[in-house]
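Before any comments, here is the structure.
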Amino acid sequence: MASSVPSSPLPAPPPASSVLGAAPVVPVVVVDDLADAVPLARALVAGGLPAIEVTLRTPVALDAIRAVADAVPDAVVGAGTVISPAQVADSVGAGARFLVSPGWTDGLLDAMKASGVPFLPGVSTTSEVVALLERGVREMKFFPAQAAGGTAYLKSLAGPLPQARFCPTGGIGPAVAPEYLALPNVLCVGGSWMLPPDAVAARDWARVESLAREAASLHRPAH
């Protein structure tokens with residue numbers, strides 16, 4: 001069902017089932033060592049970032065999602081880099097509470113809609129946004145954010161497509177995150193800057209927690 005254009009140029013607050021709005025930043029996590037999954041998630045949650053996207057880029061990703069879902073009840077763990085209906089089923093079966101894809105097809109979108117959990121299909125063009133709105137989807141991942149036009153592109157979309165809301169991900173760090181969060185059609189950003197490789201390799205979870213707390217302190221300005 002196609003979405004109608006609201007009279008207000010600003011998007012409405014996210015629904016309770018939304019992926020967006022749980023925190024200003026969604027950590028994008030690549031887990032190489034399964035033993036790191038739980039302490040890493042605990043550090044992020046302690047720092048104020050409960051929504052954690054574990055990308056399906058490593059052999060242990062599904063086991064990592066399962067471990068975090070079982071051992072860190074305050075975490076809202078999701079699966080990222082979901083690119084097939086089979087991965088949708090596997091992710092939800094492992095305990096993922098939301099799904100994120102870098103792009104979408106009709107088959108993938110149908111599977112995500114049928115999954116029973118919130119999802120963010122990826123877009124990088126206006127036509128993709130319009131196509132999702134036509135399918136009744138208003139919340140999307142903008143990827144790769146910096147390479148696809150950054151804040152200027154999203155600002156341009158806010159006028160003609162105010163009903164679309166985004167979680168930009170890709171190339172975003174602490175310097176530019178506030179610029180994205182200042183946009184009326186952005187409710188959160190995705191990034192991995194609070195997980196520097198050297199800190200993860202050293203299992204310096206205190207540093208991860210500190211960086212997560214700094215990221216959680218970013219706020220979307222009132223519009």
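The values are calculated or read from the model by the stated rules, or taken from the named source; none is laboratory data. Bear in mind the structure is a predicted one, so any value in this text is a computation, not a measurement. A quick note on method: Cβ atoms are made from the backbone with ideal geometry, for glycine too, and the neighbour counts reach across all protein chains shown.
Tabulated results
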item: Candidate set from segment 32-82 (those that are touching a strand residue (DSSP E or B) at 6+ places or on another chain (Cβ under 6 Å) and within 18 Å of P196 (Cβ to Cβ)); member that is surrounded by the fewest Cβ atoms within 10 Å (Cβ to Cβ); result: T55
item: Per-region count, segment 101-145, residues of a type in the set (A, V, I, L, M, F, W, C) and either part of a loop (DSSP other than H, G, I, E, B) or in contact with a Cys (Cβ under 8 Å, 6 or more places away or on another chain) (or both); result: 8
item: Exclusive hit being over 18 Å from the mean Cα position of the chain (by Cα), farther than 27 Å from Q87 by Cα and small (G, A, S), set A177, A212, A202; result: A202
item: Any hit, segment 187-203, residues being farther than 19 Å from A41 by Cα, surrounded by fewer than 20 Cβ atoms within 10 Å (Cβ to Cβ) and not hydroxyl-bearing (S, T, Y); result: no
item: Criterion (under 17 Å from L56 (Cα atoms) and small (G, A, S)) met by exactly one of A164, A96, A152, A147; result: A96
item: Pairs where the first residue, in segment 56-83, is in contact (Cβ under 8 Å) with a residue 24 or more places away in the chain and at positive phi and the second is in a helix (DSSP H, G or I) and surrounded by 24 or more Cβ atoms within 10 Å (Cβ to Cβ), C-beta under 9 Å, 6+ apart; result: T81/A61
item: Residue in segment 4-21 that is outside any helix (DSSP H, G or I), more than 19 Å from V117 (Cβ to Cβ) and modelled with pLDDT of 50 or more present; result: no
